[in-house]
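Let me begin by presenting the structure, written as structure tokens, before commenting on it.
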């Protein structure tokens with residue numbers, strides 16, 4: 001009678017299973033932690049403001065003056081930022097929708113406004129190269 005598995009085979013399979021489960025657990029935990037997300041607003045390539053995203057169900061509206069009567073109205077919520085209103089002709093920034101992850105941006109080309117989300121884990125410095 002043949003034995004399908006030897007004890008060494010079972011140990012190798014158990015090791016591979018633990019290694020795979022540990023890898024997935026590590027990847028899953030990598031997404032946790034306190035993220036500090038901020039919204040930066042640039043007009044004409046110059047940083048004019050930085051805002052923290054509100055906590056809970058709060059919603060903040062921020063009017064960005066781009067000069068010469070041009071404006072963008074930003075809506076900041078805990079889930080991200082969007083442009084609610086703008087007086088630019090193409091309205092692409094309004095149609096873009098909400099951004100929520102660090103590295104995402106909304107650009108209003110006629111007004112030269114760039115709204116970006118930057119973030120880091122609490123206690124870690126921001127990486128200026130990656131942002």
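The values are calculated or read from the model by the stated rules, or taken from the named source; none is laboratory data. Since the structure is predicted, the reported quantities are computational estimates derived from the model, not experimental observations. Please note: Cβ atoms are built from the backbone with ideal geometry, for glycine as well, and neighbour counts cover all protein chains shown.
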- Report the residue count in the range 86-104 for those that are surrounded by 13 or more Cβ atoms within 10 Å (Cβ to Cβ) and under 18 Å from residue 51 (Cα atoms). 5
- For residue 40, which of the numbered conditions (1) surrounded by 11 or more Cβ atoms within 10 Å (Cβ to Cβ); (2) within 19 Å of residue 109 (Cα to Cα); (3) modelled with pLDDT under 95 fails to hold? (3)
- Matching residues in the range 105-114 - criterion: being in a strand (DSSP E or B) and surrounded by 18 or more Cβ atoms within 10 Å (Cβ to Cβ): 106, 108, 113, 114
- Task: Being surrounded by 10 or more Cβ atoms within 10 Å (Cβ to Cβ), modelled with pLDDT of 95 or more and within 21 Å of the chain's Cα centre (by Cα) narrows it down to one of 76, 17, so name that one.
- Result: 76
